[in-house]
Amino acid sequence: MFKKLIKIMKINSFESIYSNCIYTKSKVFTLLFVVFYLNISISYSKSPYQLTTSKELIIYGIGISNGIAASIPDGELKELTEDEINSLNKNNINVFDRFAADNYSTDIAKVSDILVYTSLIYPAFYFIDDKMREDFTTISVMYTQTLLFSALVPSWGKGLTGRIRPFVYNPNAPIDEKFSSESRRSFFSGHTTVAFSTMVFLSKVYSDYYPDSKYVPYIWGSSLILATAVGISRIEAGAHYPTDVIVGAVVGSAIGYIIPEIHRIDNENMSLSIMPNSVSLVVKF
């Protein structure tokens with residue numbers, strides 16, 4: 001684990017950690033869940049959200065089970081061979097994504113790491129606010145749920161598609177990086193998924209606490225700019241194609257919005273329904 005962390009500044013560092021330590025991630029999030037579950041019954045009258053034991057157990061259960069299941073196809077990805085690398089032709093890439101095959105930059109990759117970790121810690125500023133600080137448990141539980149899904153869901157795409165990263169097509173990229181199994185984990189962008197999930201979560205929660213605040217548009221705007229910068233930097237680094245980033249943005253945004261929305265006390269448009277033999281998310285338009 002620590003050896004992987006030492007490699008954090010490589011082009012695939014963030015997603016390598018997330019992909020290759022998926023079982024460790026599940027254990028960590030399970031521990032976080034136990035810690036927060038101890039205080040799950042705490043609620044405050046001013047909060048727009050409400051935690052319920054059954055709902056949280058279901059969300060964490062689905063998230064952890066999803067992570068374990070996703071590790072199966074993701075863990076079966078093989079390293080690229082020399083023949084596979086030599087046979088690659090960027091003209092076989094769709095026109096929309098093709099330009100990304102000319103990109104490779106370790107410096108921009110480092111910037112993308114810094115940006116995504118900034119997005120991870122940025123929601124901590126919630127707790128400067130007295131009202132939100134009183135809801136520490138509620139917000140923290142929802143945030144760990146958001147991270148649980150956004151960190152693990154991309155593993156499905158990576159494992160099932162095995163899409164080769166654009167830098168592998170670039171003759172200027174180091175050959176040793178091309179041989180890694182990480183070279184097959186292009187679709188879809190984990191950096192972007194996490195960045196959009198955390199930034200949309202931050203904006204959504206702030207908007208729910210202060211719907212009439214004049215700062216709401218600025219919170220949303222700055223958050224989405226940061227998340228978008230993460231996606232663009234992944235393309236410029238040669239780690240992802242535009243379609244990888246777009247899908248990551250959509251999936252991450254959905255996670256960041258849905259998790260707080262299904263916890264809203266006055267929510268009438270979205271609910272987590274528990275049936276005898278199934279669990280369903282009901283959305284009303």
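Where a number appears in this text, it was derived from the coordinates with a stated rule and is not lab data. Here the structure is a predicted model, which is why all the values come from computation and not from measurement. In this analysis, Cβ positions are derived from the backbone assuming ideal geometry, glycine residues included, and neighbour counts consider all displayed protein chains.
I need the phi-derived Karplus couplings for the stretch 74-82: 6.51 cos²θ - 1.76 cosθ + 1.60, θ = phi - 60°, integer Hz, Gly and Pro marked x.
Karplus values, whole Hz, x for Gly and Pro: 5, x, 8, 5, 9, 5, 5, 8, 5.
Measuring from label point to label point, each 7 Å out along Cα→Cβ, what is the Ile246 to Asp107 span in nm?
Each label point is offset 7 Å from its Cα along the Cβ direction, giving 3.0 nm.
Could you run the Karplus curve 6.51 cos²θ - 1.76 cosθ + 1.60 with θ = phi - 60° over the stretch 247-261 and give me ³J(HN,Hα) per residue in whole Hz, x for Gly and Pro?
Calculated HN-Hα couplings, in order: 5, x, 5, 5, 5, x, 4, 4, 5, x, 8, 5, 4, x, 5 Hz.
What list do you get for Lys214, Lys110, Lys204 if you sort them by fewest beta carbons within 10 Å?
Ordered from fewest to most neighbouring Cβ atoms within 10 Å, Lys214, Lys110, Lys204 come out as Lys214, Lys110, Lys204.
In what sequence, highest mean first, do 148-154, 249-255 appear when ranked by Cβ atoms within 10 angstrom?
For the peptides 148-154, 249-255, the packing ranking is 148-154, 249-255.
Work out how far the C-alpha atoms of the stretch 112-163 reach from end to end along every principal axis, then list the three figures in whole Å, largest first.
46, 23, 8
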